[in-house]
Each structure stands twice: as structure tokens, then as C-alpha cells.
Number of protein chains: 2
Amino acid sequence: MVDAVIIGSVALDSIQTPFGEVKEVIGGSATYAALAASFFCKPGIVAVVGEDFPVNSLVLLEKRGISLKGLKREKNAKTFRWEGSYEYDMNEAKTLKTELNVLESFKPELPEEYTNAKYIFLANIDPDLQIEVLDHVKNPKFVVADTMNFWIEHKRQRLKNLIRKVDLLLLNDGEAREFFSTPNLYRAAMASLGLGPRAVIIKKGEHGALLFTKSTHFSAPGYPLENIVDPTGCGDCFGGTLVGYLAKTDDISEGNIRKAIVYASAVASHNAEGFGIEILKKISITDIEKRFQEFRRMGEF
Amino acid sequence: MVDAVIIGSVALDSIQTPFGEVKEVIGGSATYAALAASFFCKPGIVAVVGEDFPVNSLVLLEKRGISLKGLKREKNAKTFRWEGSYEYDMNEAKTLKTELNVLESFKPELPEEYTNAKYIFLANIDPDLQIEVLDHVKNPKFVVADTMNFWIEHKRQRLKNLIRKVDLLLLNDGEAREFFSTPNLYRAAMASLGLGPRAVIIKKGEHGALLFTKSTHFSAPGYPLENIVDPTGCGDCFGGTLVGYLAKTDDISEGNIRKAIVYASAVASHNAEGFGIEILKKISITDIEKRFQEFRRMGEF
């Protein structure tokens, strides 16, 4: 039995930033999200890798209590690869190259023991795959979906179909403005809610995150980092932590979602301080709790 | 006797936004700042206008309890004029035209009754004028300075000399990054503090504001506005409210500065909802208190 099901990509990433570069390190939305969620609950991932995916990385995920029953390992196929770079301001990844490989023909299958999960995180991947996984969960209590500009541009209608089925939508600020053709985040948030979800979170990177419901909003500050080394996966960490914390506490009140957002911001800000999953491997729940408390002091007046 | 002295410009502004335009309405950093401060204390302004400046606007300022003893009205001269426009995203003003007129030869003079003021706001104007006014205040308790990219680019050294003399520096995020040649706001803030002030506030528009001291930081959320009509003067309102609130409470502890920042954000966010000073003329302290409480609820977790 898993507490939360996460569908997304598992990838080999090559990343360049002004502060260095790494080649073919493990990444992907499901990897970051599951590692982040594993601080709080037992997540299970639905994803696919090729034969070339390093076994020691699978061992690492399992050691963190992540169920890999839903992870396919395709023979004679290569893992999804992403190559990206960040400019000096570290705000937005520029995709240099994408090799879909095993993702091209991926048919997600939900292991029987995942079908009773109450918390579902549809991390960034083709919305058709997100819908397919969601349709196989028997009685989800809370469904969170993330996406990216590529799907907004290329699968807008399918994405809208997905959004109708979820409780909480995650978008970053650029995506929100693009999706709803407005520079105004409040209007973009209201337009998101018009599609059906009961809440939307707009992730603003260094500027924090906003939660909107139809009648309330919450603003979580950004953590002022002195050294942003590599923002890859921060959005996925955010979503994974959010769902992991909600699954752990099994409380989907707005007050608890606010707490989950601050935990999510804490983990995401840690993640940006090193390349790839480097920091997620090192930190403990104590470090996360400490940063959570810093967030509290940072907003007090 | 005034509670706070504000030096800055008094202008006739012509503003274009995607939502309309106005011609030769009263504006300028001292005007916005003094109107904002007047919700909390009795400010006195040090500024200059030409013979063409509308008398009813002076009456308006006086009715708000603003001392105009330090406002020169030059015969046979024209008031400073600024013409600017905002693009669709409303983030940054594009200056279309500046006519310095009376500002060209302005020699600020501090009325005797201003020289004992404890709270000083050096609103955006030539740093030489800011320094001159500051040098004539006998025993200031708390000095706040604002500036703009023009002075960062054209009078960097004079601006640095000024910053050494102030307690609190205000910069917007773009100015902070430009001034200290870094995309990282934390580093820009630390570099600001290295020049001497005990605190720096980085104003981030829709993303709120950050306060940094050497050992602490505070993050105030942005107010999610559905309709941003005209952001002109928001930064000046922010500074004016901040100083006005500190003067009223006569408490410069960090805790009180945090409260002042939230009041400043409340007034600035109101100001963006109408053209020019339109909103500042309409709202009352009750509206400001109400928004202050909304800020409190918005950040609770």
C-alpha cells in the first residue's frame, strides 16, 4: 500500500548553469517529486526508464521508501533524456535537447496496490498519461496536477480536460499568464478555478507561491537564497512535498494546504542549492523543519 | 512643527496605460509620498513648482494637513513635467519625455520649523538635493532614502555618498540588481547594507517587498489586484506611508518597521487601482486598515 501515487518522468538530465554543469544525472518530474514526498509519506511512482538507467539510482529511491512497483524498466530501450541550461538570472530553463526514448510509447500501468491511494500527484508529463493514470485510481481523495508550457502550447484541450478532474492545479507564473492570456496573476488564477479545480497554486520561484480558492488567497514568501546553484526540479519538489505532506496529515483543509505550501517552499528552496538531486540526498526532515520555522519568522509582523 | 520632512519632486504627469490616459495631472515623488504620509502624520514637503501649477492642487495638499512651507513657487517658470507609458504587463514605466523646467536650478531650502523633524524621507530626486536637505536637518532620528535607475546610472558616486548617511534604503528589484550587478536579490541587499544603512527594503511590485538587515529578513506579500489601472507613484506611496507610520508611532524597532511595510504595501496597492492621485484622494484610514488586515490573513499559516 502506498500513501500517494506520483506519475511523471524519470530522466537522465544534463544541466548547464553559470556555476557548473553535470551530465546524465538522474532527474525527471517523478524522481524529484517522489524524493521530496518521501520525507513525509510512502509514495509510489508510475514511470518508465530504459535498460541504461543506473541500478544504483533505483536502489537509492527504494532506500527512501519509494515504491517502484509502478516503474517499468524497458529492455533494449533508452531512458528519457533532457538537456537544459540556465542563464545568469537562473529564472528559466532553456531546453537544449529532449530525447523522448522510452517515453515515446509509454503506457502507464497502475499496480493493483496503488489503485486505493487517496493522494495523487500528476507531475509534469503528457496530460494524456496523467488522465490515464487518474482514471485507474478507484477513489482518490485529493488530486494535484502540475504541467509545463509545452503542454499548454501543444495539448491545450487535453490539459483542460485534465484540469476539470483535479482538486488543485499547480502552475508557475509564466505558465499561468500564457495559459490564460493575461499578465495579471489574479485573473489567471480565477480563470484556472473557472475550469473546475477548487484551488490553484501559482509558483513564482524566488518570489514565493500564491494559493487561490474562489474566496480566499494565501501568499507564501520566497526564501532569499544567497546561492542558487541549479533550479532544476524545484517545481517538482514543490508538488511532491505538498502531496506528501497532505498524505501524511490526511487533512485537506485550507489551513493545512497553507502549511503544505510552506513545507513545499522549504524543500524546493533547499533543492536549488545544489545540482540535480544532490541536496535531496543530503537533507533530513530536521533541515526542512528548520527552514519551515524560518519561513514563519520571515512573514511575521 | 512637522512630524516628517519629505523632499522630492512635484510634477505634472501625463500617463498612458492600456486602460486609458491622463494629461498633466499632479504627480511627482513628493506629492505621492506626502499624500500617503498624511494618513498617519503631519508631513512637510521640500519641493518646487512653477507659476503654472494649479492652485487648487496646493489647496488639496494643505487640506490633507501637509505643510507647504518648504514648497517654492517660482515666478515665470514652468513646473517639472513627466510623460510616461506602461505596456500591457504594467510592470515598468517607460519614460517618453522629461521636462525639468524649475527642477533644473532648484536649490532646496529647509524652513526653520522643519529642521527639528525626526523622520526624513528623501524621495526620488537628484541625490545632490537629497544630501543638501539632509545636511540641514539638525538631529534626525530615522532617515529613509529612495532613488531610481537614472541616478544609479548617472550619479552613482553621489548616490553612494547619500546611502552612507541613511538608516533605511529603498530600491525596487530592478534597481537593486542593476546597482550591484547581480541577479540575486539577497546579494544585492547585502551589498546595500555594506554601504552603511542598517536596513534595506527591496520593492518588488506585484511580488511584495523584502526587508533585510544584517541578521534578519522579512517578506511582505504583494496584494493580488484584479485591476491595475496605473502604477505611477506606488513606490513613492510606499516610502511616504512607511515614514508616515514610523513618525506617527515613533518606534523604529524592526517589528514596527515590518508593520510599516505592510501599511506601505496597503497604500501602494490602493494607489495602483486608479490614475494619478485619484485613489489617494478617495480612500480613508479605514480602507487602509482593512487592507492591512487582509495582508495579515493572506500570510497566515
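The values are calculated or read from the model by the stated rules, or taken from the named source; none is laboratory data. Just so you know, these numbers come straight off a predicted model, no measurement behind them. Here Cβ is always computed from backbone atoms with ideal geometry, including for glycine, and neighbour counts include all displayed protein chains.
Would you mind finding the one in B:268, B:220 that is under 15 Å from residue B:33 (Cβ atoms), surrounded by 17 or more Cβ atoms within 10 Å (Cβ to Cβ) and either over 17 Å from the mean Cα position of the chain (by Cα) or among the aliphatic types (A, V, I, L, M) (or both)? Steps first, answer last, please.
On the way: B:220 fails: under 15 Å from residue B:33 (Cβ atoms).
Testing whether each residue is under 15 Å from residue B:33 (Cβ atoms), surrounded by 17 or more Cβ atoms within 10 Å (Cβ to Cβ) and either over 17 Å from the mean Cα position of the chain (by Cα) or among the aliphatic types (A, V, I, L, M) (or both) leaves just B:268.
Every condition in (1) away from every other protein chain (no Cβ under 12 Å); (2) surrounded by fewer than 24 Cβ atoms within 10 Å (Cβ to Cβ); (3) closer than 26 Å to residue B:294 by Cα; (4) in contact with a strand residue (DSSP E or B) (Cβ under 6 Å, 6 or more places away or on another chain) holds for residue A:251 except the one numbered (4). Considering B:167, B:146, the condition of being more than 14 Å from chain A (Cβ to nearest Cβ), surrounded by 24 or more Cβ atoms within 10 Å (Cβ to Cβ) and under 27 Å from residue B:3 (Cβ atoms) is satisfied by B:146 alone. Restricted to region B:175-189, and to residues there that are within 8 Å of another protein chain (Cβ to nearest Cβ) and either within 20 Å of the chain's Cα centre (by Cα) or assigned to a helix (DSSP H, G or I) (or both), the residue that is nearest to residue B:205 (Cα to Cα) is B:185.
Looking across region A:201-232, the residues that are among the hydrophobic types (A, V, I, L, M, F, W, C), within 12 Å of chain B (Cβ to nearest Cβ) and out of contact with any His (no Cβ under 7 Å at 6 or more places or on another chain) come down to A:202, A:209, A:212, A:218, A:220, A:225, A:228, A:229. When we screen A:252, A:202, A:283, A:261 for residues that are modelled with pLDDT of 95 or more, under 23 Å from residue B:217 (Cβ atoms) and more than 17 Å from the chain's Cα centre (by Cα), the only hit is A:283.
Only one entry of B:53, B:19, B:80, B:39 meets the criterion of being within 17 Å of residue B:277 (Cβ to Cβ), out of contact with any Pro (no Cβ under 8 Å at 6 or more places or on another chain), within 14 Å of chain A (Cβ to nearest Cβ) and not basic (Lys, Arg), and that entry is B:19. Scanning region A:254-272 for residues that are in contact with a Cys (Cβ under 7 Å, 6 or more places away or on another chain) and part of a helix (DSSP H, G or I) yields A:267, A:268, A:271. Going residue by residue through region B:273-291, is there one that turns out to be assigned to a helix (DSSP H, G or I), away from every other protein chain (no Cβ under 14 Å), touching a Leu at 6+ places or on another chain (Cβ under 6 Å) and buried (at least 21 other Cβ atoms within 10 Å of the Cβ)? For region B:273-291, residues assigned to a helix (DSSP H, G or I), away from every other protein chain (no Cβ under 14 Å), touching a Leu at 6+ places or on another chain (Cβ under 6 Å) and buried (at least 21 other Cβ atoms within 10 Å of the Cβ): present. The sole residue among A:79, A:95, A:115 that is without any contact (Cβ under 8 Å) to a residue 60 or more places away in the chain, in contact with a helix residue (DSSP H, G or I) (Cβ under 9 Å, 6 or more places away or on another chain) and β-branched (Val, Ile, Thr) is A:95.
When region A:226-253 is filtered for residues that are not small (Gly, Ala, Ser) and not in a helix (DSSP H, G or I), the ones remaining, listed by number, are A:226, A:227, A:228, A:229, A:230, A:231, A:232, A:250, A:251, A:252. Scanning region A:186-209 for residues that are among the hydrophobic types (A, V, I, L, M, F, W, C) and touching a Lys or Arg at 6+ places or on another chain (Cβ under 7 Å) yields a total of 4. Do we have residue A:193 as away from chain B (no Cβ under 12 Å), part of a helix (DSSP H, G or I) and either at pLDDT 95 or above or more than 22 Å from residue B:300 (Cβ to Cβ) (or both) here? Against the criterion (away from chain B (no Cβ under 12 Å), part of a helix (DSSP H, G or I) and either at pLDDT 95 or above or more than 22 Å from residue B:300 (Cβ to Cβ) (or both)), residue A:193 qualifies.
Each residue in region A:85-99 was checked for being within 19 Å of the chain's Cα centre (by Cα) and farther than 30 Å from residue A:226 by Cβ, and 1 of them qualify. Taking the stated definitions as given, is residue B:162 within 29 Å of residue A:212 (Cβ to Cβ), of a type in the set (A, V, I, L, M), surrounded by 17 or more Cβ atoms within 10 Å (Cβ to Cβ) and free of Cβ contacts under 8 Å to residues at least 60 places away in the same chain? The answer is no for residue B:162.
Within region B:1-12, identify whether any single residue is surrounded by fewer than 24 Cβ atoms within 10 Å (Cβ to Cβ), more than 14 Å from residue B:271 (Cβ to Cβ) and at pLDDT below 95, and answer yes or no. Within region B:1-12, one or more residues are surrounded by fewer than 24 Cβ atoms within 10 Å (Cβ to Cβ), more than 14 Å from residue B:271 (Cβ to Cβ) and at pLDDT below 95.
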